[in-house]
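Structure first, then comments.
The values are calculated or read from the model by the stated rules, or taken from the named source; none is laboratory data. Quick caveat, the model's predicted, so the values are computed rather than measured. Because the Cβ atoms are built from the backbone with ideal geometry, glycine has one as well, and the counts that use them run over all protein chains shown.
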Amino acid sequence: MRPSLDCWQGRTEERQKIREWIADGNIRLIGITGLGGFGKSTLAAKIYDDDSAEFDKKFWVDVSRRVTFTELARRVLLRLGLSPPTVEAIPELSLVDALVNHLREGRHLLVLDNLESLLQQDGQGLDAIYKEFFHGWLGCGGKSVILVTTRERPDLPEINLKWLPLPGLSPAEGANLLRALGILGTETELLDFAKKAEGHPLLLTLVAGFLQAEEESDPQISHLQRYGLADVAQLVTNEKLKGLHRGKIDIWMRLVLDASFNRLSDKLQRLLLNLSVYRIPFNTAAADAQLPEENVSEQDLRQLARCSLLQEERDDNGGRWFQFHPFILAYVNQKADDLTEAHQKAIAYYKENAKPEPWQAISDVAEYLEVFYHCYHLGEYENAFNTIRHCDDFLTLQGYNTVRAELYKQLVEAWQQNNSDSWEFAASLNSLGIAYRCLGQYPLAIDYHQQSLAIFREISDHNGEAGCLNNLGNAYNALGQYPLAIDYHQQSLAIFREIGERKGEATSLGNLGIAYDSLGQYPLAIDYHQQSLAIFREIGERKEKASSLNNLGIAYDSLGQHSLAIDYHQQSLAIKREIGDRNGEATSLGNLGIAYRCLGQHPLAIDYYQQSLAIKREIGDPNGEAASLFNLGNALAKLSRKSEALGAYQNARDLYQSMGLDANVQDAENAIQSLSRKTNIWMSLPKAIVSFLLRWVNRLWRLLHTFLR
């Protein structure tokens, strides 16, 4: 949904400049900057609707609606044509690379509206993952263009980007806008007012809305004199405004808003104040939930929109949605007193309209996220926790770890301020640790798990204690501290067995197997994986069963029992394909390639590596792609397909370099140098043979010549 263009006026030069930048071919990011209400979003919408025919596909995202990068990336990738299982399989840490790579493949337009909502308090620093995306795009983007609107200009590399500071409308454009909004007056009157208003589109729109409501039959611009709103120079001398450190346009808009608000009926005033609790666009049903006994209608909302107190939008199906302009929302929030009841009504509305399971996309749990927001705002932290806990497994499986980290961090900070030692606080700390581990922030994850562990022990929650110990083991295992990881997993296993928690027991056994495999103790690893597999089979956990089979295959491969390893990998592959685990499917294919290469069946190994590589590329997993390329190079080298092997090694090296994995870079470099030396020897071999033969032919000729003499 985008701003309405019904009363579009002017901006000819600005549109022409942006069209030139788009046509340039080297400009990857265009930013429209300006004060609130200057029409940045409207200009972007005009470009999107009327000046973007050359793009294959277009995407509009208002990031002020709390759109995480994870959600943005997955939605854009779906609309670019990737299948839902493929998009779901992309690891969250790989989404930046996946989106950059897929945008590079075509000519697309991505509009990010209200980028200032992602900036930190200094007005410069971007949200970390969005910053990574912008840096990645500016550094290696293609023919697609990203267009952003923002009040504050973020700190970005000054390469392949252009900024357009947006001024107010010219007096002529401002006068035309007033006419388009139905305001009457002489040419001189309209031009003079637009000039006084500095061409500020929002102020002109508010004034027009006020006059249309107050002077329905004759909305003359000169009638503003009747309400003391005609000239800002007179307004700033008002005793009520002395001491206000605001710009004159800001003061003028607030006074116009006061006049518009005061003329509303009591019902519409209360409705407007209550609607301010919604942080996302709302329809008539959501509005009616705020005044359930007064039959709020679409006409009520449209009346508020005609006064310019709400913005009206249409969705793709023609449905009407409404939201506040940020400036007007700030004004309404200042007028509102206690909105506790409004938040409670919003909670009831979203609960009633929440989608039941099974959920397919994050939009399916949007109502739960809104319930969380309103509960949190009211300080009902336990209710907020229970709400997010309800969809936590879904968010975890879908890879929305940034969303989980954001939500649990809010709860953790709130409970820390209250010195809480509740189970909910401990569970939130543990979940926050898991989210950060999934995001690769292991020291931070360990810190939260340690805090959680202390509380679970204090309140004698053995299940929670064992879970924390397991999670600590996983974090230390990721850091390569295997003995410490084993110690935590052993403690976890003992507790799970004591309390009879079978799934936890199987998980601990599997984690121990992974740690011992990393230490090279393969028989012991196999024993743990076999125990884990037996329990997962018994309790019917299919995804975990597939992981155990895969881990067994890896361990048997390390022992040289490649045929047995292949059997386990094939079983794992079948389950992963059946449950739609694309990332797991690629992993099993790669492991099969390794096993067949060890058996000397290099053509078959190459086939599996190529299948794995295709999926890793499709889901945007650069680490997995690099590993597949390296393995592919090994198999190609064995078949003496040296130029192909060299190319695979070089591509793997380049990917590892881009990820900063120095040890892997060195491995690839060593393989390249080794293959190059062998190639040089092989290429020089025919010359040596020819030289040898020539020498012997020459010697034989001399002997023959001597004999004949």
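The table below lists the values:
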quantity: Residue in the stretch 271-284 that is part of a helix (DSSP H, G or I) and over 14 Å from residue 336 (Cβ atoms) present; calculated: yes
quantity: Selection within the stretch 317-367 - closer than 16 Å to residue 304 by Cα and of a type in the set (Phe, Trp, Tyr); calculated: 321, 322, 324, 327, 331
quantity: Members of the stretch 1-22 that are surrounded by fewer than 17 Cβ atoms within 10 Å (Cβ to Cβ) and closer than 22 Å to residue 209 by Cβ; calculated: 4, 5, 6
quantity: Residue list for the stretch 52-70, restricted to those being among the polar types (S, T, N, Q) and either in the same structural domain as residue 362 (by TED's automatic domain parsing) or closer than 24 Å to residue 439 by Cβ (or both); calculated: 64, 68, 70
quantity: Flag if residue 440 is farther than 26 Å from residue 399 by Cβ and surrounded by fewer than 18 Cβ atoms within 10 Å (Cβ to Cβ); calculated: no
quantity: Matching entry among 54, 20, 14 (being in contact (Cβ under 8 Å) with a residue 60 or more places away in the chain and out of contact with any Pro (no Cβ under 8 Å at 6 or more places or on another chain)); calculated: 14
quantity: Subset of the stretch 79-89 that is of a type in the set (A, V, I, L, M) and in contact (Cβ under 8 Å) with a residue 60 or more places away in the chain - its residue that is farthest from residue 624 (Cα to Cα); calculated: 82
quantity: Members of the stretch 32-68 that are aromatic (Phe, Trp, Tyr), at pLDDT 90 or above and either under 30 Å from residue 194 (Cα atoms) or not in a loop (DSSP other than H, G, I, E, B) (or both); calculated: 48, 59, 60
quantity: Matching residues in the stretch 465-488 - criterion: being over 32 Å from the mean Cα position of the chain (by Cα) and either outside the structural domain of residue 545 (by TED's automatic domain parsing) or buried (at least 24 other Cβ atoms within 10 Å of the Cβ) (or both); calculated: 488
quantity: Residue 25 of a type in the set (Gly, Ala, Ser) and either crowded, with 17+ Cβ neighbours inside 10 Å or within 28 Å of residue 279 (Cα to Cα) (or both); calculated: no
quantity: Checking residue 198 against (1) closer than 20 Å to residue 259 by Cα; (2) of a type in the set (D, E, K, R); (3) surrounded by 16 or more Cβ atoms within 10 Å (Cβ to Cβ), the condition it does not meet; calculated: (1)
quantity: Hey, residue 405 at pLDDT 90 or above and under 17 Å from the mean Cα position of the chain (by Cα) or not; calculated: yes
quantity: Residue 534 over 31 Å from the mean Cα position of the chain (by Cα) and at pLDDT 90 or above; calculated: yes
quantity: Any chance residue 436 is out of contact with any strand residue (DSSP E or B) (no Cβ under 7 Å at 6 or more places or on another chain), within 23 Å of residue 451 (Cα to Cα), modelled with pLDDT of 95 or more and assigned by TED's automatic domain parsing to the domain that holds residue 466; calculated: no
quantity: Elements of type helices (runs of 4 or more DSSP H) in the stretch 416-495, at least 3 residues being in contact with a helix residue (DSSP H, G or I) (Cβ under 9 Å, 6 or more places away or on another chain) and closer than 14 Å to residue 515 by Cα; calculated: 462-478
quantity: Flag for residue 449 being closer than 30 Å to residue 623 by Cα and in contact with a Cys (Cβ under 7 Å, 6 or more places away or on another chain); calculated: yes
quantity: In the stretch 148-195, residue surrounded by the fewest Cβ atoms within 10 Å (Cβ to Cβ) [restricted to those that are under 19 Å from residue 12 (Cβ atoms) and of a type in the set (Ser, Thr, Tyr)]; calculated: 170
quantity: Checklist (1) touching a helix residue (DSSP H, G or I) at 6+ places or on another chain (Cβ under 9 Å); (2) hydrophobic (A, V, I, L, M, F, W, C); (3) buried (at least 16 other Cβ atoms within 10 Å of the Cβ) applied to residue 78, failing item; calculated: (3)
quantity: Qualifying residue in the stretch 640-659 (condition: in a loop (DSSP other than H, G, I, E, B), modelled with pLDDT of 75 or more and not β-branched (Val, Ile, Thr)); calculated: yes
quantity: Where a residue in the stretch 414-428 is in contact (Cβ under 8 Å) with a residue 40 or more places away in the chain and its partner, wherever it lies, is part of a helix (DSSP H, G or I) and basic (Lys, Arg), with Cβ under 8 Å and at least six apart; calculated: 427/389
quantity: When residues of the stretch 420-437 are limited to those that are surrounded by fewer than 17 Cβ atoms within 10 Å (Cβ to Cβ) and more than 17 Å from residue 376 (Cα to Cα), the one farthest from the chain's Cα centre (by Cα); calculated: 421
quantity: Breaking point among (1) crowded, with 24+ Cβ neighbours inside 10 Å; (2) farther than 30 Å from residue 136 by Cα; (3) of a type outside the set (S, T, N, Q); (4) out of contact with any Asp or Glu (no Cβ under 7 Å at 6 or more places or on another chain), for residue 575; calculated: (1)
quantity: Residue within the stretch 563-574 that is over 15 Å from residue 594 (Cβ atoms) and not hydroxyl-bearing (Ser, Thr, Tyr) present; calculated: yes
quantity: Any hit, the stretch 603-618, residues being among the aliphatic types (A, V, I, L, M) and touching a Phe, Trp or Tyr at 6+ places or on another chain (Cβ under 8 Å); calculated: yes
quantity: Which listed residue is over 19 Å from residue 131 (Cα atoms), over 13 Å from the mean Cα position of the chain (by Cα) and part of a loop (DSSP other than H, G, I, E, B), from 9, 16; calculated: 9
quantity: Residue satisfying all of: in the stretch 535-570; part of a helix (DSSP H, G or I) and free of Cβ contacts under 8 Å to residues at least 24 places away in the same chain; surrounded by the most Cβ atoms within 10 Å (Cβ to Cβ) among these; calculated: 568
quantity: Output for the stretch 501-531, where each listed residue is over 17 Å from residue 556 (Cβ atoms) and either outside the structural domain of residue 464 (by TED's automatic domain parsing) or among the charged types (D, E, K, R) (or both); calculated: 501, 502, 503, 505
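Here is a yes/no grid of residues against (1) modelled with pLDDT of 90 or more; (2) more than 16 Å from residue 652 (Cα to Cα); (3) part of a helix (DSSP H, G or I):
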position	(1), (2), (3)
588	yes, yes, yes
595	yes, yes, yes
600	yes, yes, no
608	yes, yes, yes
612	yes, no, yes
616	no, no, yes
625	no, no, yes
